Amino acid sequence: MNRGISIALLAVLFYGILLSAAVVSSRSRIEADLTQRAADALKGIDNLPHGVNLSVDGRDALVEGEIHDHGQGQHVLKALRAVKGVRDVASRFSVKSPEHSRLVIAQVDDGWMIDGQVAQRQVVAGLEEALRGALKPGKKLQSRMRVEAHTRPSAWQEPLGKWFGKYLAMVAGNWRLEILENELHVFGEVFNKKTQEHVLANARSHFSGSGLEIIDEMTVIRAPDPPELTITQGEDGDFMITGKVRELAFKERLVELIRGGSGGESVSEQLSIGEHISPASWEMPFMRLLPALITEVEQLHLHVSGPVPVSINDIFINPSDSLSVLTMSGTVHGNEKKQAIDELAAQVFSGITIEVDNQLSIFVAPDPASFVISRGEDGVLRLGGLLPNEQLADRLLAAASNVLETDQSPPLNEIKTGENVSEAPWVDAMVSLIKPFIHNVQWGALSVHEDTGQDHALVAMEAEITDPASGDVLQALVKNVFPTSDEAVDPEEQRRYKRVIALSLAKPPGPSDEDIAALEKAATETVIYFESTSFKVKPEQQAKLSALAEGFAKVPGASLALLGYTDPYGDSSYNRELSGKRCKAVRDALVELGIEFLLLEIEQKGETTKSKDGRVYESGRRVEFELR
């Protein structure tokens, strides 16, 4: 094929492809634009079912689906043909007459249920929101609402949302509303004819213009007696229950619970029961609160009443929401327990219309009285504790001050007093012990402390005494004035105590720096000399050993090394043995002077000279000492 012809054919093919793409792109834009304008036209048609579908092919439109009647179909075709750019409109309609909206609102076990069908989804959302706003907090709303395209729109949704709360406020129970076709059936129980008429008039006013006919399905019942319950604990601890409740099971459970929680106290009751008494929503929560009240409150008094329906001009208002009142009185130990009861009441009565009047009074336990006399290692005498008045503190301070010599420092008084402090019946006993304590205790403490909630005060003495005999006397005195349960002569009249005594013998005081220095000097300067070949301590050397032993006794914990020497003559092994014998002789002499055998260490040094380390000795036949 000619090269020029081939190029021409390729050019024609290329431009043909471009033209085809342009046509397709233009067709898509036209279809999208027509579809949007046609959909906008259909939005202006009232009550058009949601099942109507629209499609566009080029400039031709096809509309299909269910419509309410032929007139509505003609209206749809007319609206589409009026859209600019639409060339032809085809239809595939099926006619289905719309149904009336239906609705049922009823109370179920765990809340409320709404069931039925409407034409639009936004109607369902608005209706559910309005009903939830009218219900009590915590009440569930189960929705089974359906949106059906062939459902006829209605004008009752908005007034129903506004009226539902008023309906609940006027009807006592068995709530139920049904909307069937053009009728609103109002069910429920009311307490008199006047309230029934008021409910119907209020409904007609709210639904005027909605096309609904109000149908009365209500029942007039006798207003029940309000429940009432009183629980009182007498001074003897026994309980009395009076009032009226609906259920026998509640009465029996109540009596059983009080008997079980009161530790066997007597429980009497005068409770009326019967169906003429209205149910009380507070019964089960009250049973959860009661054990804490019985356990923590003294002289308990409880009164709970209601709900009592409120009426204005014989028209009952909010009979189901009538207020109940619980009043609590008695005494609790500490503000924390009162607050805990408040918190528990708020928890158990959550979601219940009840007013809790907490009149519990708070008993503040007195601080336990106490007293302590102590002497520290610094020798300072201190008085401390907590007493109910200044007079008792002054007596104890005077007793201690009178024992001390005029040249001794007065006791350090750290006793405090307060208004809410327990009694201190042991002051006289402590006054009698102050003198022997001061005279016999080197350091330590004697104390008495009331124990809150206990019958017996605690007495404790821990001290170091100067000698065993004085310790025995002091311990006997403490036992005499503070007897335990086993020691009391007359337990009915004589108070008993818990007692702890721990005495130890005071250790002698440690050596002074002067004593240590003197011993070090004596050990260095003392040298015991011997005759040639002798290991016998000469009488004139005994004085040196006596002086050394006297200084050694003043430094507990010290020890001495005995260093034995001989002259540098003769056999060395013999001399070494001789030096050991001289050390043993000196050790025996020191043991006789009172030094512990184990504190004396022997070292056999053997031969030496008169001069050693710059020091000149009388001879090499000697024993030296080294302090360790």
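Quick notes on this one:
- Hits in the range 519-528 - residues which are crowded, with 19+ Cβ neighbours inside 10 Å and either under 22 Å from Asn575 (Cβ atoms) or within 60 Å of the chain's Cα centre (by Cα) (or both): Ile528
- If only residues of the range 280-307 that are over 20 Å from Trp175 (Cβ atoms) and part of a loop (DSSP other than H, G, I, E, B) are counted, the one that is modelled with the lowest pLDDT is Gly306.
- Scan of the range 470-486 for residues that are part of a helix (DSSP H, G or I) and either acidic (Asp, Glu) or more than 14 Å from Ala429 (Cβ to Cβ) (or both), ordered by number: Ser470, Gly471, Asp472, Val473, Gln475
- When we screen Gly551, Gly606, Gly594 for residues that are part of a strand (DSSP E or B) and touching a helix residue (DSSP H, G or I) at 6+ places or on another chain (Cβ under 7 Å), the only hit is Gly606.
- Ala561 vs. criteria open to solvent by 30 Å² or more (accessible area, probe 1.4 Å), in a strand (DSSP E or B), touching a residue at least 24 places away in the same chain (Cβ under 8 Å) and hydrophobic (A, V, I, L, M, F, W, C): no
- The one condition from (1) surrounded by fewer than 16 Cβ atoms within 10 Å (Cβ to Cβ); (2) modelled with pLDDT of 90 or more that His333 does not meet is (2).
- Among the residues of the range 393-415, those identified as in contact with a strand residue (DSSP E or B) (Cβ under 8 Å, 6 or more places away or on another chain) and surrounded by 12 or more Cβ atoms within 10 Å (Cβ to Cβ) are Ala393, Leu396, Leu397, Ala400, Leu404, Pro411, Leu412, Asn413, Ile415.
- Failed criterion for Glu531 (all others in (1) assigned to a helix (DSSP H, G or I); (2) open to solvent by 60 Å² or more (accessible area, probe 1.4 Å); (3) of a type outside the set (Phe, Trp, Tyr); (4) touching a residue at least 60 places away in the same chain (Cβ under 8 Å) hold): (1)
- Just so you know, in the range 119-130 the residues that are modelled with pLDDT of 85 or more and in contact with a helix residue (DSSP H, G or I) (Cβ under 6 Å, 6 or more places away or on another chain) include one that is nearest to Leu180 (Cα to Cα), and it is Leu127.
- The range 265-279, residues that are assigned to a loop (DSSP other than H, G, I, E, B) and crowded, with 18+ Cβ neighbours inside 10 Å: Ser278
- Filter result for Ala365 (small (Gly, Ala, Ser), over 30 Å from Gly330 (Cβ atoms) and either open to solvent by 20 Å² or more (accessible area, probe 1.4 Å) or touching a residue at least 12 places away in the same chain (Cβ under 8 Å) (or both)): no
- Residue in the range 471-484 that is farthest from the chain's Cα centre (by Cα), counting only those that are open to solvent by less than 10 Å² (accessible area, probe 1.4 Å) and within 23 Å of Arg495 (Cβ to Cβ): Leu474
- Condition check for Leu446: among the hydrophobic types (A, V, I, L, M, F, W, C), closer than 16 Å to Gly379 by Cα, modelled with pLDDT of 90 or more and in contact with a Lys or Arg (Cβ under 8 Å, 6 or more places away or on another chain): no
- Residues satisfying the stated conditions in the range 15-68, i.e. open to solvent by 70 Å² or more (accessible area, probe 1.4 Å), assigned to a helix (DSSP H, G or I) and either among the aromatic types (Phe, Trp, Tyr) or modelled with pLDDT under 75 (or both): Tyr15, Ile17, Leu18, Leu19, Val23, Val24, Arg27
- Scanning the range 241-251 for residues that are open to solvent by 20 Å² or more (accessible area, probe 1.4 Å) and over 34 Å from the mean Cα position of the chain (by Cα) gives Thr242, Gly243, Lys244, Arg246, Glu247, Leu248, Ala249.
- Within the range 463-470, the presence of a residue that is within 43 Å of the chain's Cα centre (by Cα) and closer than 30 Å to Gly334 by Cβ is excluded.
The values are calculated or read from the model by the stated rules, or taken from the named source; none is laboratory data. No experiment lies behind these values; they were computed from the predicted model shown. Don't worry about glycine lacking a Cβ; one is built from the backbone with ideal geometry, like all the others, and counts go over all protein chains shown. Accessible surface is based on the protein model in full, side chains and every heavy atom, while ligands, DNA and RNA are left aside. Shrake-Rupley method; radii C 1.70, N 1.55, O 1.52, S 1.80 Å.
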